[in-house]
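No lab work stands behind these numbers, since they all come straight from the coordinates. All figures in this text were calculated on a predicted structure; none of them were measured in a lab. All Cβ positions, even for glycine, are placed from backbone atoms using ideal geometry, and neighbour counts span all protein chains on display.
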Amino acid sequence: MQTCEPFSDLSDNNGPVRGFLHRASTPEADCLILTHGAGANCESPLLVALAEAFCAIGLAVLRCNLPFRQSRPHGPPLRGSADWDQAGLRAAVAVMRRLNPARMFLGGHSYGGRQASMLAASEPQLADGLLLLSYPLHPPKQPEKLRTAHFSSLQVPALFVQGVRDEFATLAEMESALALIPARKELLAITGAGHELMTKTNRVDLIAAVTSGFGAFMRAKA
């Protein structure tokens, strides 16, 4: 039976780690760290549902608030907070490696996933794989402002989960961007979904598709 508990750790020099820990049944379990988008926190329904589902199939899952959200309960990240938020992710990895020294996966929705991918591009040894939900490829209606500068440096396998109605990227734009990534990558399209991915009607199918898709992706060989 899985358990979820509030989690706080102040031991890492990169900053405090705060969120909720879904403990696996064994200390040897793989670990997934999930982070939130710019307008949310780690208690978003999408992250809670995914954490529960991944924990049910044997992973330890940490849903954590990025440093910008720890500093202010509402509002988007302030300009220049990316390095701070990536340091927070680095701290979360260090903490979870002490608890579960197995494979380590980083995941996040929108802004959180972007920060995870940027950190993995600069420090590929930190994670064994990435789960990127609704990657914000560009601002809505501004396709020329691509957020792909780090893609050519990504050496970590990455599964991108994208709604076909996402205003931050069309599937064609995502496929073109993913061609820049030298690591193994895959695009999982979610029919009928927008940037938020999960709706009242697709919850069960979405969570099943993401958990099974990511599991299969990480078991596959390059």
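If you take every DSSP beta bridge whose two residues both sit in the range 3-219, what share of them, in percent to the nearest 5, is antiparallel?
Numbers: 11 of 35 bridges.
The antiparallel fraction comes to roughly 30 percent.
Distant-in-sequence amide contacts of K185, defined by a placed amide H-H separation under 5 Å and a gap of 5 or more residues or a different chain, comprise A158. Largest GNM mean-square fluctuation among L132, L66, L206, using the chain with Cα springs under 10 Å: L206. Kindly provide the Kirkwood hydrodynamic radius of the range 150-221 in Å, to one decimal, from all pairs of distinct alpha carbon atoms. It works out to 12.9 Å.
Normalised by the number of residues in the range 3-219, the mean separation of alpha-carbon contacts (under 8 Å, six or more apart) gives a relative contact order of 17 percent.
For the ranges 3-14, 21-32, what's the packing order if you count other beta-carbon atoms within 10 Å of each residue, average per peptide, and put the highest first? Kindly include the intermediate steps, with their values, before the conclusion.
Values: 3-14: 12.7, 21-32: 18.7.
Averaged packing, sorted descending, gives the order 21-32, 3-14.
Show me the helices of the chain, taken as full DSSP H stretches, that run 15 Å or more along their long axis by Cα and average -0.5 or above in Kyte-Doolittle hydropathy. Let's see the in-between values first.
On the way: long enough: 45-56 (16 Å, 1.92); 82-99 (26 Å, 0.09); 111-122 (17 Å, -0.05); 203-219 (24 Å, 0.87).
Helix filter hits for the chain: 45-56, 82-99, 111-122, 203-219.
Taking the chain as the region of interest, the number of lysine pairs whose Cα atoms are within less than 30 Å, with members eight or more places apart or on different chains, is 5. Sequence-distant contacts, meaning Cα pairs under 8 Å at least 6 residues apart, place the relative contact order of the range 92-222 at 20 percent.
Taking 4 °C and 1.567 mPa s as the conditions, I'd like the Stokes-Einstein D for the chain in µm²/s, using the Kirkwood hydrodynamic radius from alpha carbon pairs. Working shown, then result.
On the way: Rh = 17.2 Å.
Estimated via Stokes-Einstein, D reaches 75 µm²/s.
One-quarter of the Cα convex hull surface for the range 90-222, in nm²?
Numbers: hull surface 32.7 nm².
Convex hull of Cα atoms, orientation-averaged projection: 8.2 nm².
Taking 0.36 nm per residue of separation and subtracting the Cα-Cα distance, full extension of the segment from S11 to N202 would add 64.8 nm.
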